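Okay, so here's the structure we're looking at.
Coordinate-derived values only; no laboratory data. Predicted model, so just to flag it, every value in this text is computed and none were measured. Ideal geometry is used to build each Cβ from the backbone, glycine not excepted, and the neighbour counts take in all protein chains shown.
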Amino acid sequence: MINRIDIIGLGAVGAMYADYYTEKLGADHVRILADRGRIDRYRSEGIYINGEKKDFPLCVAEDEKTPSELLCFATKYGGLKAAIETVRHLVDEHTVIFAIINGIRSEEELSAAFGAEKVIYCTAQKMDAKKELNQVTYSTIGDLTLGITKDGAPERLSALTEFLDRAGFPYTIAENVQKALWSKLICNVGVNQAVAYYNGTYETVQVPGEPRDLMRRGMLECAAVAGAEGIDLTEKDVDAWISVIDRLTPESEPSMQQDHKAGRKTEVELFAGTVCSLGRKHGIETPVNDLYLQFFTKD
């Protein structure tokens, strides 16, 4: 039985998860891992959730000796490689690993680093966490879609879901979890990039007009390359995601727009970069994602 969750990455979603599990299970059942520099910064600046300062169990990873039972990677994709090395010594033969990272690449990298049998495929959705400096706000935790591939271990998936059940965290099990990850990518390729490109909010793409049209065309490009990769996603899936996008809080914004406004590196390589690369591989034109890639990587 899993008794503790270790979280590496205290961005908006990582901090929201840290808050949720410490509230539901107690601080003894949570460990926040990072390198010494980050832990020192967290301690000096403080971490605030919905205006309240939090006293999370912050641990310098290199000083920890007890192996992780359940290890959640909550970094941005660009920080995954460094995070893997930070906690590598804490993964043993019993560790269960999952990531709440956008895109379709993180599970492959975690499997290569630690073994596919340890990794649960996961996509996180419907949360509204937002971070500015050391201040995180959220009103809904969203849910998880979980699953394993043929190389996965059903008993580890069961251990994870038993832990989530005790914590009351909502999830569903996907029969084809790789399709679920690709489906979420379609959403991110659409709404994250379009809102950031037009420097807007969700409302920018919820009303008829050029931004909404561009968003949909970018999503269709993603569905096309998914199909070429053997993932059965179609225009119906695109329209289903647009229905979800239309119900988002109009004045809110996706994480990519938050990064764009703050002058941080965006996840365009993970979104448009994936679509464009696979488009070239399969001879599929991807003009909208080419546009995004050029726009967000220009000097």
At q = 0.24 Å⁻¹, what log₁₀ I(q)/I(0) does a Debye calculation on the Cα points of segment 125-168 give, no solvent, two decimals? -0.87
Taking all pairs of distinct alpha-carbon atoms in segment 4-154, Kirkwood radius in angstrom: 15.6 Å
So the label point goes 7 Å from the Cα of Asp143 along Cα→C-beta, right? Which residues of segment 179-215 then have their backbone N under 16 Å from it? 180-181, 184
Just rank Lys150, Lys236, Lys265, fewest to most, by other beta-carbon atoms within 10 angstrom. Lys150, Lys236, Lys265
Between Met1 and Asn176, what's the calculated FRET efficiency when r is the beta-carbon distance and R0 is 25 Å? Round to 0.05. 0.35
With a 10 Å Cβ neighbour count serving as the proxy for reagent exposure, in which order, fewest first, do Met127, Met215 appear? Met127, Met215
Candidate aspartates and glutamates for bridging to Lys130, where Cα separation is under 20 Å - those fewer than 8 sequence places away on the same chain excluded: Asp19, Glu23, Glu45, Glu52, Asp55, Asp143, Glu203, Asp246, Glu251, Glu253, Asp259, Glu267
With loop defined by DSSP as not H, G, I, E or B, and exposure as at most 14 other Cβ atoms within 10 Å, which is the longest segment of the chain clear of exposed GluC sites (Glu not before Pro)? 1-92
Which length gain, in nm to one decimal place, applies between Ala27 and Lys298 when the Cα-Cα distance is subtracted from 0.36 nm times their residue separation? 93.2 nm
At most 12 other Cβ within 10 Å, DSSP loop - trypsin sites (Lys or Arg not before Pro), segment 179-228: none
Between the modelled labels at Asp128 and Glu108 (7 Å from Cα along Cα→Cβ) the distance in nm is 3.5 nm
With x for Gly and Pro, the residue-by-residue ³J(HN,Hα) of segment 59-67, computed from phi through the Karplus equation 6.51 cos²θ - 1.76 cosθ + 1.60 at θ = phi - 60° and given in whole Hz, is 10, 6, 4, 5, 8, 7, 10, 6, x
What are the radius of gyration and Dmax of segment 105-252, computed over its Cα atoms and given in Å? 16.8, 48
For the residue pair Ala167 and Glu251, what label-to-label distance in nm results when each label sits 7 Å from Cα along the Cα-to-beta-carbon direction? 3.1 nm
Whole-Hz Karplus couplings 3J(HN,Hα) for segment 68-84, θ = phi - 60° and coefficients 6.51, -1.76, 1.60, Gly and Pro as x, run 6, 7, 10, 10, 10, 8, 10, 7, 6, 4, x, x, 5, 4, 5, 5, 4
Can you give me the distance in nm between label points at Asp213 and Asp151, each placed 7 Å from the Cα along the Cα-to-Cβ direction? 4.4 nm
For helix 235-245, what angle does its Cα long axis make with the longest principal axis of the chain, in degrees from 0 to 90 and rounded to 10? 60 degrees
What is the list of residues in segment 110-151 whose amide nitrogen lies under 13 Å from a point 7 angstrom out from the Cα of Glu45, following Cα to Cβ? 131-136
Sequence order, segment 7-13: Karplus ³J(HN,Hα) from phi using 6.51 cos²θ - 1.76 cosθ + 1.60, θ = phi - 60°, Hz rounded, Gly and Pro as x, gives 10, 10, x, 10, x, 4, 6
Amide H neighbours of Leu233 under 5 Å, at least 5 residues apart or on other chains, H built in the peptide plane: list them. Gly227
Globularity ratio of segment 127-213, using Cα Rg and 2.2 N^0.38 Å: 1.42
Skipping prolines and chain starts, which residues have an amide H placed within reach, meaning under 5 Å, of the one on Arg31, given they are 5 or more residues away or on another chain? Ile5, Asp6, Ile7
Given axes a ≥ b ≥ c from the Cα gyration tensor, I'd like to know whether segment 195-299 is rounded (a/c under 1.5), prolate (a/b larger than b/c) or oblate. oblate
Cα centre as origin, Lys/Arg/Asp/Glu Cβ charges: the chain dipole, Debye: 380 debye
